[in-house]
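The values are calculated or read from the model by the stated rules, or taken from the named source; none is laboratory data. Not measured: the values here are computed from a predicted model. Here the Cβ positions follow ideal geometry from the backbone for every residue, glycine too, while neighbour counts run over all protein chains shown. For the accessible areas, the whole protein counts, side chains as well, though only heavy atoms, and no ligand, DNA or RNA atoms are used. Shrake-Rupley method; radii C 1.70, N 1.55, O 1.52, S 1.80 Å.
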Amino acid sequence: MKRQLIVAGNWKMNNNYEEGRELIKKVREMLQPSQVLVILGTPYIHLMSAQSMTTDMSNLKLAAQNCHQEVSGAYTGEISAAMIKSVGADYVILGHSERREYFGEDDALIAKKIDTALANGLRPIYCCGEKLEVRESKKHVALVSSQLEAALFHLSPEQFKEIIIAYEPVWAIGTGLTASPEQAQEMHLAIRKKIGKKFGADLADGTTILYGGSCKPNNANTLFSQPDVDGGLIGGASLKADDFVAIVNSF
Ligand code: PGA
């Protein structure tokens with residue numbers, strides 16, 4: 001099965017409405033037709049205008065950066081998966097380490113969000129990854145395996161097909177420290193094997209596994225050349241159109 005290559009931007013809490021429009025305009029001007037699916041993970045307020053600015057682009061899709069685990073109701077200030085879908089986003093980033101760290105999200109909660117996202121037609125980009133001390137104690141593969149089990153292994157194979165994985169070592173996010181291509185490949189292969197054991201080799205082969213953590217134009221190519229690295233989830237470098245598009249062109 002051929003895997004979809006993806007470069008997804010995660011703007012995090014950056015860009016007001018006008019700045020967001022400006023960035024999307026630049027990205028769309030610079031993007032060349034290619035096999036790579038580009039996803040923009042914007043704050044909620046941008047999704048609707050981003051959708052109307054990019055409706056004609058079949059290789060550019062939109063993601064929210066979170067959604068609530070419940071379908072609807074009295075949850076002041078929250079945004080539901082159905083609301084996100086209704087403004088034209090097809091993806092949602094879930095399990096990001098910043099949500100785990102600053103908002104107390106654990107895999108049990110993330111599993112509920114995954115279910116609600118899928119039930120509302122959103123494809124989750126599920127983030128997993130270890131902190132530095134876990135890597136130093138050589139427990140990184142075991143930790144990521146347990147994250148996958150806890151958040152995703154209750155799904156049916158049909159549901160799992162909708163999942164995109166993003167391996168993001170926490171020590172590499174926003175730090176300028178990038179996993180080496182070998183470190184990324186080791187983990188991506190371990191993730192694929194783990195998926196294979198649970199869901200079978202075909203599904204594992206078809207699963208897109210992204211790398212995230214200080215991925216930049218100068219290191220994207222060596223990371224993306226690894227056999228099990230199918231693209232990237234890009235934070236800081238997604239805020240500059242030329243850097244982001246250079247990463248898209250790094251395969
Ligand atoms: P970074 O962020 O590229 O700025 O390290 C990646 C992410 O958090 O998804």
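Between a first residue in region 95-106 that is part of a loop (DSSP other than H, G, I, E, B) and a second residue that is β-branched (V, I, T), which pairs have beta carbons less than 7 Å apart while being 6 or more apart in sequence or on different chains?
Sorted first by the residue in region 95-106, then by its partner, the pairs are G95/I110.
Restricting to region 158-167, give me the number of residues that are out of contact with any Asp or Glu (no Cβ under 9 Å at 6 or more places or on another chain) and open to solvent by 20 Å² or more (accessible area, probe 1.4 Å).
3
For N59, state whether it is within 17 Å of the chain's Cα centre (by Cα), closer than 22 Å to G95 by Cα and of a type outside the set (A, V, I, L, M). Even if it seems obvious, please write down each step before you answer.
Values: within 17 Å of the chain's Cα centre (by Cα): yes; closer than 22 Å to G95 by Cα: no; of a type outside the set (A, V, I, L, M): yes.
No, not satisfied.
So, in region 142-199, how many residues would count as being touching a strand residue (DSSP E or B) at 6+ places or on another chain (Cβ under 8 Å), outside any helix (DSSP H, G or I) and not aromatic (F, W, Y)?
Number satisfying all stated conditions: 8.
So that you can scan it fast, the table gives a plain yes or no per residue for (1) farther than 18 Å from I6 by Cα; (2) surrounded by fewer than 17 Cβ atoms within 10 Å (Cβ to Cβ):
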| position | (1), (2) |
| --- | --- |
| T42 | no, no |
| I45 | yes, yes |
| S52 | yes, yes |
| N59 | no, yes |
| L62 | no, no |
| A89 | no, no |
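Count, please, the residues in region 168-205 that happen to be surrounded by 14 or more Cβ atoms within 10 Å (Cβ to Cβ), aliphatic (A, V, I, L, M) and more than 16 Å from the ligand (Cβ to nearest atom).
Going through region 168-205 one residue at a time, the tally reaches 6.
Please enumerate the residues belonging to region 206-239 that are closer than 23 Å to H96 by Cβ, part of a loop (DSSP other than H, G, I, E, B) and open to solvent by 30 Å² or more (accessible area, probe 1.4 Å).
Initial filter on region 206-239 (closer than 23 Å to H96 by Cβ): 207-217, 219-220, 223-224, 226, 228-239.
From what is left, the residues that are part of a loop (DSSP other than H, G, I, E, B) are 207-208, 213-217, 219, 226, 228-230, 235.
Passing the criteria: K216, P217, Q226.
Go through (1) within 14 Å of the ligand (Cβ to nearest atom); (2) in a loop (DSSP other than H, G, I, E, B); (3) acidic (D, E) for D243 and report which single condition fails.
Going through (1) within 14 Å of the ligand (Cβ to nearest atom); (2) in a loop (DSSP other than H, G, I, E, B); (3) acidic (D, E) one by one, D243 breaks only (2).
Quick check, is V27 surrounded by 21 or more Cβ atoms within 10 Å (Cβ to Cβ), out of contact with any Asp or Glu (no Cβ under 6 Å at 6 or more places or on another chain) and farther than 30 Å from L203 by Cα?
On the way: surrounded by 21 or more Cβ atoms within 10 Å (Cβ to Cβ): yes; out of contact with any Asp or Glu (no Cβ under 6 Å at 6 or more places or on another chain): yes; farther than 30 Å from L203 by Cα: yes.
When the stated conditions are applied, V27 passes them.
Please specify each residue of region 100-113 satisfying the condition of being over 11 Å from A150 (Cα atoms) and surrounded by 19 or more Cβ atoms within 10 Å (Cβ to Cβ). So that I can check it myself, show each step before the final result.
Filtering region 100-113 for residues over 11 Å from A150 (Cα atoms) gives 100-105, 113.
R100, E105, K113, listed by residue number.
Can you go through K2, K12, K61 and tell me which one is outside any loop (DSSP other than H, G, I, E, B) and basic (K, R)? Talk me through it step by step, then tell me what you get.
Numbers: K2 fails: outside any loop (DSSP other than H, G, I, E, B); K12 fails: outside any loop (DSSP other than H, G, I, E, B).
Step by step, each of K2, K12, K61 is checked, and only K61 is outside any loop (DSSP other than H, G, I, E, B) and basic (K, R).
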